[in-house]
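Presented below is the structure to which this report refers.
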Amino acid sequence: MFESHHLRKPTGKSAFSGLGAGEPGNSGQESYVFPMVLGDMKGTTNSLTHTAAAMMPSPIFIWRFQTMMVWLWGVCLWVFSQSTISYVKIFDIDQNHLAHREIWKCSTWLTIIVPTSMTAYLYLYSHGEVSLAASQPVILYIAFALVLVFPFDIFYLSSRYFFLKTLWRIAFPLQPISFPDFFLADILTSMAKVFSDLERSVCRMLHNQVATIAWFEADSICGSHSVAIPLMLVIPYIWRLMQCLRQYKDTKEKTTLFNALKYSTAVPVIFLSALKYHVLPDRWTYVYHPLWLISSFVNSLYSFYWDVTRDWDLSVFTRIFKFNKPTWWSDLLYGQKWVYYWVIGSNLILRCTWTYKLSAHLRHNYLTVFTITALEMLRRFQWIFFLVENEWNKISKSSIQLPMTDIPNEDEKLVDSSDHTV
């Protein structure tokens, strides 16, 4: 086994010894797995390699979550295409948009490319090519960024342009807020932790900390105590807050201010958690930790209330989401009250657990963090269906005054995007 200065401290002490149960280390998305043991104990390399690999999380989780979201979005589009809801009208997109088949094709490529990059990293690292191994995540990130901004008419140019334009409108809400604007911005709040970890990974790449001992140092420039972590976590919520304020400017509806207040409740959850690494332990225990618990409780219940009463409007159980060609499993779901009870109950639980992911001082519990992030993706997945159904109800009522059981056809006019209630 080769001896690498990248993975040894000057004292020769194993870097694992500095990561106790109470030390956050780094999140489950911040660094590629180290495939070999720290040090040069040849006789115990094979037995300890699996231990090291099991202990060290990987930023491949970032791409797993992103790939998972793309797969789930394809499922959403497939369900929309089978139902009586016109998502083309709801999202105000042209007829050249990506259908579920194209989305699943992109998901398939992601599912192939990302594990391939990971395998290359492990192979190169295990053969002593540390520099080449460290280049793998850099190549992966750069490649995806280039594909996204590629200016030529390949790789679904119109859809990429629509996506980037929507991101620009989210970051700079200088115009009336449309349904796609707040829809994508809400999804970004569910991925706040993923983007925070993405920033950690990019930081390590820029400072040559991929596969180095700095990975273990919580106080390093890219460590888990960095102030950049809460800043990245809070950005999606600030974007949504600014959207709500912009809509109040346009519509003067007071409900938009209450919606802005909802997103503002995430700010103390994020920054109170980050204070743990910047205040004395007693002050954290007796002052800031109780405040964090209170703010987490307020944020979870407020968000749950808004989901049910505003985003979904489940004050009356609707029966809009009907398939054009019903099947046995669509009949099992369509119009069944147990579906609504399930969604309400699971949304309450997962809203509370999601607060865990916004808390920097809990980042060291890798398995819990990974599980809660995956569950949040599923919560957002089911949230989409009821939000889209509610939006279709609004469009139907605004377009023509018909009973809710009468669905407008494709030729009926869509209301202006400024009429959306966000």
Which of rounded, prolate, oblate describes segment 128-201, given a ≥ b ≥ c as roots of the alpha-carbon gyration tensor eigenvalues and a/c under 1.5 marking rounded, otherwise prolate only if a/b is larger than b/c?
oblate
Compare the peptides 150-156, 242-248 by average per-residue count of other Cβ atoms within 10 angstrom and give them in order, highest first.
242-248, 150-156
Test item: Cα-centred dipole of segment 255-318, Lys/Arg +1 and Asp/Glu -1 on Cβ, debye
200 debye
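We did not get these values from a lab; they are worked out from the coordinates using the rules stated. It should be emphasised that the depicted structure is a prediction, and the values quoted were computed from it without experimental measurement. Quick reminder, even Gly has a Cβ in these numbers, built from the backbone with ideal geometry, and neighbours come from all protein chains shown.
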